[in-house]
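Written below as structure tokens is the structure these notes are about.
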Amino acid sequence: KSAYKEAWGQICFECSYLVFVMVLCLFSLWSLLGIAVSLEEGRATSGFLCSIGVCDPLHPTKLVVLFYFVSGILGATTFSTKWLYHSIAHRSWHRDRVVWRVCVPLMGGVLAVFVSFIFARTFGILFDQNTLSMPTIVQLAGFSFLVGVFADGVLAMLERLARNIFGTLESFSG
């Protein structure tokens, strides 16, 4: 017997949304990987992404940033899906968390981009010509996926850190 008789419509919507985002990310990564392979082999590519400058072999910045972003979204969506079925199984699902499930994938993508910027700047591997090699592109996607998976926890930790360092607005009002 289900604990969520009246809520199955919303639960199915949330699950469908997350599965849609995952499939869209996988398709996008496959397309980006195809562009990277073509560029690495020196073949010309065309399409919408090329029309916005993603396919420039001399300046792979946009392609790499898209890899970071889409991989981060995929990681965060995977995490959000895990929490959806976990909360249902443990009877802690709540309809108000739909905002969290919708927002977490986007936050994971954004965080993956900026954490990757920080690490890439530190290690000097962001936008050189070797970035388009298959081992590098796969490592970048894997790293960004993991950043996305842990995005919610990382953002919560950064918020706690900022509160400890800078305090809150209430602490300044004296």
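Ordering Ser71, Ser87, Val99 by the projection of their Cα atoms onto the charge dipole of region 49-104, which places +1 on the Cβ of Lys and Arg and -1 on the Cβ of Asp and Glu, puts Ser87 at the extreme positive end. When shorter helices are ignored and each DSSP H run of at least 4 residues is given -39500 (n - 2.57), the per-residue value for the chain at 222 nm works out to -25000 deg cm²/dmol.
Of the solvent-accessible surface of the chain, computed with a 1.4 Å probe and all protein chains present, 70% belongs to carbon and sulfur.
A crude spin-label estimate for the pair His86 and Leu161, with each label 7 Å from Cα along the Cβ direction, gives 2.2 nm. Would you mind working out the accessible area per residue for the chain, using a 1.4 Å probe, and quoting it in Å²? Ligands and nucleic acids excluded, the figure is 61 Å² per residue. Kirkwood radius for region 28-102, taken over all pairs of different Cα atoms as the inverse mean of 1/r, rounds to 14.6 Å. Note on Leu29: accessible area approximately 30 square angstrom, rounded to 10, probe 1.4 Å, nucleic acids and ligands left out. Measuring r between the beta carbons of Val154 and Val99 and using R0 = 25 Å, the FRET efficiency lands at 0.85.
The values are calculated or read from the model by the stated rules, or taken from the named source; none is laboratory data. Every value quoted in this text rests on a predicted model; they were computed, and no experiment measured them. Note that each Cβ is placed from the backbone with ideal geometry, even for glycine, and that neighbours are counted across all protein chains shown. We work out accessible area using only protein heavy atoms, side chains counted, and drop any ligands, DNA or RNA first. Shrake-Rupley method; radii C 1.70, N 1.55, O 1.52, S 1.80 Å.
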